[in-house]
Amino acid sequence: MPIIEVEGLTKRYGDHTALRDVSFSVEEGQIFGVLGRNGAGKTTTVECIEGLRRADSGRISVNGLDPTRHSAELSSTLGVQLQDGALPDNMKVWEALDLYSSLYPTPLNWRELLEEWGLAEKRNARFGKLSGGQKQRLFIALALVGDPRVAILDELTTGLDPQARRDTWSLVERIRDRGVTVLLITHFMDEAERLCDRIAVFDKGTVAAVGSPDELMGRAGPRQRVSFVPSLPISDEDLNGLLGVEAVVRDGDQVTLHGSSDLLQAVTTSLARREIVPVGLSVENTGLEEAFLALTGEERSR
């Protein structure tokens, strides 16, 4: 049985429908991504799973528990790192772990968590003095101190520098290696592609697709992205008229064309006929970002 099941979830705020018939399931031991732009309904869905919000309709099961009827039991199953988590600036690292561990009936040894998550040297540091990466390590340790079966990590790497993001990715993989199921909420395509076993793609309050990164990329079809600076002026209308081109994006003089798997050959042939040289030509095959744009219809709106 899946450890998390969401079926037909709907949530409204007045006239605004934040979630519409959202359904997906999460198998135990996975890193499951909830992926979407800001405002797509990711956080509302997760807050319903956590029991922080009550859905208007639909069904949720977490390890066999209904979040609205079994909130006390759910607290020992879920470990949560909130999107806007914070602690008092003067609270020491060890004090936070000691306090949180006292809230659970069978907590992990917080002193061992200090060592495991690289916080031993910072045990007496105050929260306000920690770096962004150190704060994320502490929040992960706090999410795990209750020995949960599921860890929910909401926008874990927002605001971190590139190296801290990659270090945090390694920590997420270590959580899965401990046997904990991870529900990862993110709007970063590279993060989801790197970490997730399966992904639910959210778009305007609905689930547009569910699958592994490879499945989602395959569902969008083989695609390419070709970038260059044209040696002679060429209009968007003419670029859209080139064989295989489905979308045109300009960034100053640089042109980026999106299209099918044979886009490169088609574009270079067409440009050569017009005696236009594609300066600084580069090509990338389908990534999760291109698949996301295709699955949500955003690429067609560009």
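Per-residue 3J(HN,Hα) values for the range 44-58, derived from phi via the Karplus relation 6.51 cos²θ - 1.76 cosθ + 1.60 with θ = phi - 60°, read 4, 4, 5, 5, 5, 5, 6, x, 7, 10, 9, 5, 6, 7, x Hz in sequence order (x marks Gly and Pro).
Using alpha carbon centroids, what distance separates the range 231-249 and the range 114-150, in Å? The range 231-249 and the range 114-150 have Cα centres spaced 50 Å from each other. Taken about its Cα centre, the chain carries a charge dipole of about 540 debye when Lys and Arg each add +1 at the Cβ and Asp and Glu each add -1 at the Cβ. Applying 1/(1 + (r/R0)^6) with R0 = 25 Å to the Cβ-Cβ distance of Arg149 and Asp56 gives a FRET efficiency near 0.35. For the chain, the tally of Lys pairs with Cα-Cα distances below 29 Å comes to 8, considering only residues 8 or more apart or on different chains. Taking the inverse of the mean 1/r over every pair of distinct Cα atoms in the range 1-140 gives a Kirkwood hydrodynamic radius of 17.0 Å. Based on protein heavy atoms only, the range 1-140 ends up with 52 Å² per residue of surface accessible to a 1.4 Å probe.
Below 8 Å between Cα atoms, with a sequence gap of 6+, how large is the relative contact order for the range 116-199 in percent? Show your work: numbers first, answer last.
Details: 66 pairs, mean separation 24.6, N = 84.
The normalised contact order for the range 116-199 reaches 29 percent.
Quantify, in whole percent, the carbon and sulfur part of the accessible surface of the chain (1.4 Å probe; protein heavy atoms only). The partial results should precede the final answer.
On the way: 6430 of 14450 Å².
After summing per-atom areas, the C and S share lands at 45 percent.
Eigenvalues of the alpha-carbon gyration tensor of the range 97-138, scaled by 5 and square-rooted, set the equivalent ellipsoid semi-axes at 19, 11, 9 angstrom, largest first.
I need the P(r) histogram for the chain: all alpha carbon pairs, bin width 10 Å from 0 out to the longest distance, whole percents. Histogram of Cα-Cα distances, whole percents per bin: 6, 24, 27, 21, 13, 7, 2, 0.
With the whole protein complex present, Lys42 retains an accessible surface near 10 Å², based on a 1.4 Å probe.
If I stretch the segment between Gln163 and Asp84 completely, what's the gain in nm (0.36 nm per residue apart, minus their alpha carbon distance), one decimal? Show your work: numbers first, answer last.
Numbers: separation 79, 0.36 × 79 = 28.44 nm, distance 2.09 nm.
Computed gain between Gln163 and Asp84 is 26.4 nm.
Packing-based ranking of 151-158, 202-209, 95-102, 63-70 yields 151-158, 202-209, 95-102, 63-70, ordered from highest to lowest mean Cβ neighbour count within 10 Å.
Helix 132-144 and the longest principal axis of the Cα set of the chain meet at an angle near 50°.
The values are calculated or read from the model by the stated rules, or taken from the named source; none is laboratory data. These numbers were taken from a predicted model, which means no experiment stands behind them. Neighbour counts run over all protein chains shown; Cβ positions are idealised from the backbone, glycine included. These area figures cover heavy atoms from the full protein model, side chains too; ligands, DNA and RNA do not enter into them. Shrake-Rupley method; radii C 1.70, N 1.55, O 1.52, S 1.80 Å.
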